[in-house]
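Notes to accompany the following structure.
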Amino acid sequence: MSEDIKRVALITGASSGIGKVCALELAKEGYQIVVNYYPVPPCEAEANEVVKEIEGFGGKAIAIGCDVTDSKAVGEMVDQTVKELGRIDVLVNNAGITRDGLLIRMSDEDWEKVVNTNFNSVFYVTRPVAKVMMKQRSGNIINMASITGVYGNAGQANYASTKAGVIGFTKTIAKELASRGITANAVAPGFIKTAMTEKLDTEKIEANIPLRRLGTPEDIADVVKFLAKPGSYITGQVIGVDGGLVI
């Protein structure tokens, strides 16, 4: 790829938390960023702030509201990205939610909402993006998994199942897309300081982490940047970012 063509990164759920920091850090590396957000006013305002922040240090970004559980809407988002920015070099499937509860008390709604948001969306977004990358014969797909997808966690049957699914999906598409120069890897965060962990007993959690601290979104973004490098020889891997919690 010519040096004068700027790489493009599409990040789902990028209006806050880990997605936001990934967007900012990749922008600092020179990527043009698509800040995907759930199309409701609060998220739209947050996404626009991310765009402003990127533009503030000389980067380029656009915000696209799209419910990633809606296959048709996702297709339109990908089409808009290619129309406005010309290509997609990096996809970060980051959008995710939790609806924790013990199995016997978990409602159909809490199961289905988490499965749709955390797992089905990864398929809906990756499919059209992979077609774009295949034409380019290059690309990096980075899926946000979790250590719970590897080891499970009581009270998170829905969440852990989706993250285990993401890992299997990642390894499979890594095999399918490798011949076109496309890598696919998963990042498996441990306990990270985000809105999702604000209500947890962090002191007790930190006592069980060898590095004795929760991770930060920047810790995750560092790995995403590493996996996003063009020409990477790493594919089909699950990289844990958990401070040694699951050693």
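The values are calculated or read from the model by the stated rules, or taken from the named source; none is laboratory data. Predicted model only: the values in this text are computed from it and were never measured. Cβ sites come from the backbone with ideal geometry, for glycine too, and all protein chains shown count toward neighbours.
Testing Asn118 on (1) more than 22 Å from Tyr31 (Cβ to Cβ); (2) surrounded by fewer than 24 Cβ atoms within 10 Å (Cβ to Cβ), one condition comes back false. Which one is that?
(2)
I'd like to know if the range 166-179 contains one or more residues that are at pLDDT 95 or above, β-branched (Val, Ile, Thr) and surrounded by fewer than 16 Cβ atoms within 10 Å (Cβ to Cβ).
Checked the range 166-179: at least one residue is at pLDDT 95 or above, β-branched (Val, Ile, Thr) and surrounded by fewer than 16 Cβ atoms within 10 Å (Cβ to Cβ).
Condition check ((1) under 27 Å from Asn116 (Cβ atoms); (2) of a type in the set (Ser, Thr, Tyr); (3) touching a residue at least 40 places away in the same chain (Cβ under 8 Å)) across all residues:
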| residue | (1), (2), (3) |
| --- | --- |
| Val8 | yes, no, yes |
| Thr12 | yes, yes, yes |
| Cys22 | yes, no, yes |
| Leu26 | yes, no, yes |
| Pro41 | yes, no, no |
| Asn48 | yes, no, no |
| Lys72 | yes, no, no |
| Met77 | yes, no, yes |
| Gln80 | yes, no, no |
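Please go through the range 202-236 and pick out each residue that is touching a Leu at 6+ places or on another chain (Cβ under 8 Å), over 25 Å from Ala27 (Cβ atoms) and in a loop (DSSP other than H, G, I, E, B).
Correct list: Asn208, Ile209, Pro210.
Kindly list the number of the only condition in (1) farther than 17 Å from Thr162 by Cα; (2) surrounded by fewer than 19 Cβ atoms within 10 Å (Cβ to Cβ); (3) touching an Asp or Glu at 6+ places or on another chain (Cβ under 7 Å); (4) not hydroxyl-bearing (Ser, Thr, Tyr) that fails for Gly101.
If we test Gly101 against (1) farther than 17 Å from Thr162 by Cα; (2) surrounded by fewer than 19 Cβ atoms within 10 Å (Cβ to Cβ); (3) touching an Asp or Glu at 6+ places or on another chain (Cβ under 7 Å); (4) not hydroxyl-bearing (Ser, Thr, Tyr), just (1) comes out false.
Yes or no, residue by residue, for (1) of a type in the set (Lys, Arg); (2) free of Cβ contacts under 8 Å to residues at least 12 places away in the same chain; (3) touching a helix residue (DSSP H, G or I) at 6+ places or on another chain (Cβ under 7 Å); (4) within 18 Å of Gly19 (Cβ to Cβ):
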residue: Asn93; (1), (2), (3), (4): no, no, yes, yes
residue: Leu102; (1), (2), (3), (4): no, no, no, no
residue: Asn116; (1), (2), (3), (4): no, no, no, yes
residue: Ser146; (1), (2), (3), (4): no, no, yes, yes
residue: Asn153; (1), (2), (3), (4): no, yes, yes, no
residue: Thr162; (1), (2), (3), (4): no, no, yes, yes
residue: Gly168; (1), (2), (3), (4): no, yes, no, no
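Which residues, counting only those in the range 156-181, are touching a Lys or Arg at 6+ places or on another chain (Cβ under 8 Å) and either within 28 Å of Lys83 (Cβ to Cβ) or among the hydroxyl-bearing types (Ser, Thr, Tyr) (or both)?
Correct list: Tyr159, Arg180, Gly181.
If you check Ile173 against the conditions, is it closer than 23 Å to Cys22 by Cβ, assigned to a helix (DSSP H, G or I) and over 14 Å from the mean Cα position of the chain (by Cα)?
Yes; evaluated as a whole, the condition is true for this residue.
Among residues belonging to the range 136-155 that are assigned to a helix (DSSP H, G or I) and touching a Lys or Arg at 6+ places or on another chain (Cβ under 9 Å), point out the one that is nearest to Glu76 (Cα to Cα).
Within the range 136-155, the match that is nearest to Glu76 (Cα to Cα) is Gln136.
Which ones in the range 75-94 are under 18 Å from the mean Cα position of the chain (by Cα) and either within 12 Å of Ile11 (Cα to Cα) or charged (D, E, K, R) (or both)?
Across the range 75-94, the qualifying residues are Met77, Val78, Thr81, Ile88, Asp89, Val90, Leu91, Val92, Asn93, Asn94.
Any chance the range 172-186 includes a residue that's β-branched (Val, Ile, Thr) and under 19 Å from Val246 (Cβ atoms)?
No, the range 172-186 contains no residue that is β-branched (Val, Ile, Thr) and under 19 Å from Val246 (Cβ atoms).
Could you go through the range 154-161 and let me know if any residue there is of a type outside the set (A, V, I, L, M), out of contact with any Leu (no Cβ under 7 Å at 6 or more places or on another chain) and surrounded by fewer than 19 Cβ atoms within 10 Å (Cβ to Cβ).
yes
Out of curiosity, is Ala45 of a type in the set (A, V, I, L, M) and surrounded by 20 or more Cβ atoms within 10 Å (Cβ to Cβ)?
Judged against the criteria, Ala45 is not a match.
Restricting the search to the range 192-247, which residues are without any contact (Cβ under 8 Å) to a residue 60 or more places away in the chain, of a type in the set (A, V, I, L, M) and within 30 Å of Ile33 (Cα to Cα)?
Result: Leu214, Val223, Ile234, Ile239, Val241.
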